[in-house]
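Encoded as structure tokens, the structure appears first; notes follow it.
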Amino acid sequence: MTSEKLNIGIILGSTREGRVSPQVGEWVKGIADKRGDANYEIVDIADFQLPFLGTTDGTEKGIVDWNEKLTSLDGFIFIAQEYNHSITGALKNALDHAREAWNNKAAGIVSYGSTGGARAAEHLRGIMGELMIADVRVHPTFSLFTDFENFTTFKPAELHLKNVNEMLDQVIAWGGALKTLRKYS
């Protein structure tokens, strides 16, 4: 394995007005940056203004830029919120707007919702399998009832730090191993 640091994107999975995913993503990034083991960056799918899949010819700048951004990354941390027992439509659309750019990379999931976003994470795992993204086991979950003040201000309990760091350990280990695989494919 090379000593070059991996590039890990922290993907914000919501585009709705009033979303809290930027708070969660910045909190995870703050923890990750203190580790110094990779280059971490927030990747906000809202910035790419992706059209609904299949409604255009697929050559729009946002789609091209999205694929270039994903290609530049070695792994991902998905900030996934639960909507109607699944991931957001915006995240599913963003996942579907790329194919090879996802392949043979590692990912962790940080989820939140009334049940910690567990159902959304399970749906996301199935999608990642199809896209050849290796998801790691440790999965930090946050409850809207205990980790958010008034459901809008992210105030995570201290106990989540251990899970976030363990997830990051796994993403870095798997991301490094998969990077060698991508070099030979």
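The values are calculated or read from the model by the stated rules, or taken from the named source; none is laboratory data. None of the values given here were measured: they were computed from a predicted structure. Note that we place each Cβ from the backbone using ideal geometry, even for glycine, and neighbour counts take in every protein chain shown. Note: areas computed on protein heavy atoms with side chains; ligands, DNA, RNA excluded. Shrake-Rupley method; radii C 1.70, N 1.55, O 1.52, S 1.80 Å.
For this structure, a couple of remarks:
- Whole-number accessible area per residue in Å² for the chain, which is evaluated in the context of all protein chains at 1.4 Å: 48
- DSSP bridge analysis restricted to the chain gives an antiparallel fraction near 10%, rounded to the nearest 5.
- Per-atom-type breakdown for the chain gives carbon and sulfur 53% of the accessible area (1.4 Å probe, protein chains only).
- Percent RCO, i.e. relative contact order, over region 110-181, from Cα pairs under 8 Å lying at least 6 residues apart: 31
- Considering helices alone, the calculated mean residue ellipticity of the chain at 222 nm is -12500 deg cm²/dmol, with DSSP H runs of length four and up weighted by -39500 (n - 2.57) and normalised per residue.
- The number of Lys pairs in the chain with C-alpha atoms less than 21 Å apart, excluding pairs fewer than 8 positions apart on the same chain, is 21.
- Simple label model, 7 Å out from Cα along Cβ direction - residue 17 to residue 31, nm: 3.2
- Dividing the alpha-carbon radius of gyration of region 78-185 by the rule-of-thumb value 2.2 N^0.38 Å gives 1.13.
- Here the Gaussian network model covers the chain, with springs between Cα atoms less than 10 Å apart; of 39, 84, 163, 84 fluctuates the most.
- Top of 63, 172, 109 by mean-square fluctuation, Gaussian network on the chain, Cα under 10 Å: 63
- Computed FRET value (nearest 0.05) for residue 61 with residue 123, which takes r as the C-beta separation and R₀ as 22 Å: 0.15
- For the chain, a crude dipole built from +1 on the beta carbon of Lys and Arg and -1 on the beta carbon of Asp and Glu, taken about the Cα centre, is about 340 debye to the nearest 20.
- Taking 57, 47, 96 as the candidate residues, the one with maximal mean-square fluctuation in a Gaussian network model of the chain, Cα springs under 10 Å, is 57.
- As a length-normalised measure over Cα pairs under 8 Å and 6 or more apart, the relative contact order of the chain settles at 24 percent.
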